[in-house]
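The values are calculated or read from the model by the stated rules, or taken from the named source; none is laboratory data. Everything quoted here is computed from the prediction, not taken from an experiment. So basically every Cβ, Gly included, is an ideal-geometry build from the backbone, and we count neighbours across all protein chains shown.
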There are 2 protein chains.
Amino acid sequence: MTAQAGLIAQENTVDTDAVAPALVAVDWGTSSFRAAIVRADGTILRSMSAGKGIAKIPGRDFSQAFRQLLSSWEAELASLPIYLCGMVGSRQGWVETTYQECPAGFEDIARGTTRCKIDGMELRFIPGLHRYDNVAGHDVMRGEETQVIGGMTLGRERIVVTPGTHSKWILTEGQSVRHFRTFMTGDIFAAMRGHTILAHSMDEGSTLASPGEVSFEQGVRQGFRTNALMGELFSVRTRSLFSEPGFHAASYLSGLLIGSEFASGVALYPAATREGVTVIGSAALMPFYVRAAQCLGIDTEVVDGEASVLGCYRLARLNGEAW
Amino acid sequence: MTAQAGLIAQENTVDTDAVAPALVAVDWGTSSFRAAIVRADGTILRSMSAGKGIAKIPGRDFSQAFRQLLSSWEAELASLPIYLCGMVGSRQGWVETTYQECPAGFEDIARGTTRCKIDGMELRFIPGLHRYDNVAGHDVMRGEETQVIGGMTLGRERIVVTPGTHSKWILTEGQSVRHFRTFMTGDIFAAMRGHTILAHSMDEGSTLASPGEVSFEQGVRQGFRTNALMGELFSVRTRSLFSEPGFHAASYLSGLLIGSEFASGVALYPAATREGVTVIGSAALMPFYVRAAQCLGIDTEVVDGEASVLGCYRLARLNGEAW
């Protein structure tokens, strides 16, 4: 009787509470802001995004900026735990969190959140990850660990790729991050396209790369084959100079860089990449990584941009806060 | 008697004519201008240099700019053949020359000069070199071929490296250029240092790289070992973030890029580099390449910046004009 009553009570509780708001999830990076009110069952009640990255907050008054950005969520900010991931937890952000050492279990990351009450709000800053070894030196991430936690299918060893200004290749296993490596692909692409001689090859309305261009595929294959960019980049210039038919400089450059990223990623994690990779991230970059993987015969699984919200939710549950 | 008289006459002639001005040699690149009056024996009578590269000539009036730069050489400009190498012979320059196909003998290059009389001056534009193959695609040089001709010791197979915004590794043999490859090392260094996240690691008075820094050597070894820059560049950032003692970001970045250049160059020309490399070029970059080669156990022979003047002279002689 007790057990059955308990079960019924629990079911009722679940039915009712599942749709109640349980936390505010925030992904606040260098260049963008994204927030959601998440229900206890993990579904999203409301969400918003803005171009207000941490680099664009006047006087670094994060508290005021945060309240302004979410001015219509006053009640939730006052009553729910607020999980924040991304560069908001860096030295340049609101509250600096200590990096969690990698390998790190998801529970370690949840326990590592920096809790503080600011201006009446219960803030939980999710720590980034740090790893070090003698060969590769230091590496860090802030925010991607939360995307991984939100986006991955738990279980076997799996590579998660998060395309971006600084792409990460992340080796996960079960409920943990085992290893990762950062590739400055997007950052290098922008610098090469805008600030080297290659800029002269981009001046005919062709500065936007496209994953559908044959040049992109050629770049991917060449970058993957050689992985020695230093001797390849000038060919973006010469192929333009000699007007190869159908040549698209920005797409070829993008392909070269992403192909080289894949070469290094596959060399680093040969066994795991044989199972394919999970790509999490921006809608803008996703098609480039999916196409590159296709060119190279690597299977992909795609997770959309809500992964960091779900990651905040999962971490809150691990902390016993989102019921 | 006749032979002896002839010999005496010849000696007199040599004594007299050897010190007579024989040509004007000009190395006119994108960012700088250098000219010399060369005697018939190959020695330099006068020389000058200026920051007036072809990119800085108002209205592209090269004829007027040239006369202004050398206004005190009026007599020589009117009477001597003028040999010009570098980007002055490109589409953006004074007179566009057709590239000579590589492999190219020095005589081919001499014969390939574009002769024209402009404004009373006898101009000889030295052609650049072009090469193409299915694997590496197109590659080009303008100016370095003249440095090679001026700077190399003739004879066996030899690698000549010309450090710069776009470094070249050039395989020479006897009186010919057999093969070459361009590396965008200097261009990439400037773009990485100034226009990526790495700029944040350079903001403490350490933007100038130095070949004497331990960080430079570490970069060279790491860049040479991996040659996969995409996975290495972010370490410039993280090593700064974690304040490694004695770490110098600009030097490490420079070392990584030059080390990677050496890795590709050695892989491309394994036999020839075993004999060491000849480095021709700017006083500013020379010490970086010499130190990098030392770190990697590669012998170097160094040729100073007058190589292009001597190259003009040798080409003029091959054309029968500098006697």
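Numbers below:
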| quantity | calculated |
| --- | --- |
| Scope the range A:166-186; condition part of a loop (DSSP other than H, G, I, E, B) and within 10 Å of the chain's Cα centre (by Cα); matching residues | A:166 |
| Subset tally (residues that are touching a residue at least 24 places away in the same chain (Cβ under 8 Å) and either farther than 16 Å from residue A:317 by Cα or not polar (S, T, N, Q) (or both)) for the range A:109-118 | 4 |
| The listed residue being on the phi > 0 side of the Ramachandran plot and assigned by TED's automatic domain parsing to the domain that holds residue B:209, out of B:264, B:243, B:251 | B:243 |
| Selection from the range B:107-141 of residues that are under 17 Å from the mean Cα position of the chain (by Cα) and either over 17 Å from residue B:91 (Cα atoms) or among the β-branched types (Val, Ile, Thr) (or both) | B:109, B:126, B:140 |
| Test: residue in the range A:295-316 that is within 25 Å of residue B:184 (Cβ to Cβ) and away from chain B (no Cβ under 14 Å) | yes |
| Per-region count, the range B:246-262, residues surrounded by fewer than 22 Cβ atoms within 10 Å (Cβ to Cβ) and within 11 Å of another protein chain (Cβ to nearest Cβ) | 1 |
| Every residue from the range A:263-275 that is surrounded by fewer than 19 Cβ atoms within 10 Å (Cβ to Cβ) and either at pLDDT 95 or above or assigned to a helix (DSSP H, G or I) (or both) | A:267, A:268, A:270, A:271 |
| Residue within the range B:143-157 that is within 11 Å of chain A (Cβ to nearest Cβ) and in a helix (DSSP H, G or I) present | no |
| In the range B:107-128, the residues that are in contact with a Phe, Trp or Tyr (Cβ under 7 Å, 6 or more places away or on another chain), surrounded by 18 or more Cβ atoms within 10 Å (Cβ to Cβ) and not charged (D, E, K, R) | B:113, B:126, B:127, B:128 |
| Qualifying residue in the range A:165-181 (condition: surrounded by fewer than 22 Cβ atoms within 10 Å (Cβ to Cβ), within 14 Å of chain B (Cβ to nearest Cβ), within 17 Å of residue B:233 (Cα to Cα) and among the hydrophobic types (A, V, I, L, M, F, W, C)) | no |
| Conditions (1) at pLDDT below 95; (2) over 22 Å from residue A:183 (Cα atoms): number failed by residue A:68 | (1) |
| Condition check for residue B:188: facing another protein chain (nearest Cβ under 7 Å) and surrounded by fewer than 23 Cβ atoms within 10 Å (Cβ to Cβ) | no |
| Residue list for the range B:212-245, filter: more than 11 Å from chain A (Cβ to nearest Cβ), among the basic types (Lys, Arg) and either outside any helix (DSSP H, G or I) or farther than 18 Å from residue B:289 by Cβ (or both) | none |
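Yes/no matrix, rows are residues, columns are (1) aliphatic (A, V, I, L, M); (2) free of Cβ contacts under 8 Å to residues at least 12 places away in the same chain:
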residue: A:217; (1), (2): no, no
residue: A:224; (1), (2): no, no
residue: A:232; (1), (2): no, no
residue: A:237; (1), (2): no, no
residue: A:245; (1), (2): no, yes
residue: A:258; (1), (2): yes, no
residue: A:263; (1), (2): yes, no
